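The values are calculated or read from the model by the stated rules, or taken from the named source; none is laboratory data. The shown structure was predicted, so the numbers you read here are calculated from the model rather than taken from an experiment. Cβ atoms come from the backbone with ideal geometry, glycine included; neighbour counts cover every protein chain shown.
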Amino acid sequence: MEAIYARLEGIDYFELFRLPRTATLRELKQAYYRESRTFHPDRFSQLSDEAIKERINSVFKRVTEAYVVLRDDKKRAKYLADIGGPDRAKKLRYTEESETEQKAAAKKALEEVVGTTPKGRECYKNGCKEFEAKRFDKAMQQLKMALMYEPANAKYKDKMKEAENEWDKTRPKDDFRIR
């Protein structure tokens, strides 16, 4: 216990479980049960030394934390990327900050691609169809409506500029309609 506790801050979850990074879920589960039985605080409740109890509790918490992260495919992928990167020493533990960072990145990517409102997404989709059909004036109408629902969406703005440029190239020279 003392040896693991002394190294606890410098090892990753796989080293804690003594598993390769390619371990299967079954191997992970077996390792978790092995380590949790070894370091469960109830096994050491009769000890009088509070410092040892606290160390055992710390190791057990880390074992549980490791299992929670590694059994979840998304968290595991993020964790593997973190410990494989240049900031390995700072990323040995999967923190709430890591999870918040991951959720924010996923949300931003989703919003930029499809938008946040159903009506905005629908108008954008219709605008793209009109654009593909080379009906740029109708595409601009749909994209303007999409931007009414989501004025900050960069993807919608880019598509709108693209439609405006194409419309300017193809519109009749005597057409003075106001956009």
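Test residue 22 against the stated conditions and say whether it is of a type in the set (S, T, N, Q), more than 30 Å from residue 147 (Cβ to Cβ) and under 19 Å from the mean Cα position of the chain (by Cα).
On the way: of a type in the set (S, T, N, Q): yes; more than 30 Å from residue 147 (Cβ to Cβ): yes; under 19 Å from the mean Cα position of the chain (by Cα): no.
Considered against the rule, which asks whether it is of a type in the set (S, T, N, Q), more than 30 Å from residue 147 (Cβ to Cβ) and under 19 Å from the mean Cα position of the chain (by Cα), residue 22 comes out as no.
Hey, can you tell me all the residues within the stretch 92-127 that are touching a Lys or Arg at 6+ places or on another chain (Cβ under 7 Å) and among the hydrophobic types (A, V, I, L, M, F, W, C)?
The answer is 113, 114.
One residue is enough: does the stretch 147-156 have a residue meeting the conditions surrounded by 15 or more Cβ atoms within 10 Å (Cβ to Cβ), over 32 Å from the mean Cα position of the chain (by Cα) and modelled with pLDDT under 95? It would help to see each step written out before you state the result.
Going through the stretch 147-156, the residues surrounded by 15 or more Cβ atoms within 10 Å (Cβ to Cβ) turn out to be 147, 149-150, 153, 155-156.
In the following step, the residues that additionally are over 32 Å from the mean Cα position of the chain (by Cα) were identified as none.
Within the stretch 147-156, none of the residues are surrounded by 15 or more Cβ atoms within 10 Å (Cβ to Cβ), over 32 Å from the mean Cα position of the chain (by Cα) and modelled with pLDDT under 95.
Report whether or not residue 4 is in a helix (DSSP H, G or I), exposed (fewer than 15 other Cβ atoms within 10 Å of the Cβ) and β-branched (Val, Ile, Thr).
Answer is no for this residue.
Could you please give the count of residues in the stretch 135-146 that are buried (at least 22 other Cβ atoms within 10 Å of the Cβ) and charged (D, E, K, R)?
Within the stretch 135-146, residues that are buried (at least 22 other Cβ atoms within 10 Å of the Cβ) and charged (D, E, K, R) number 0.
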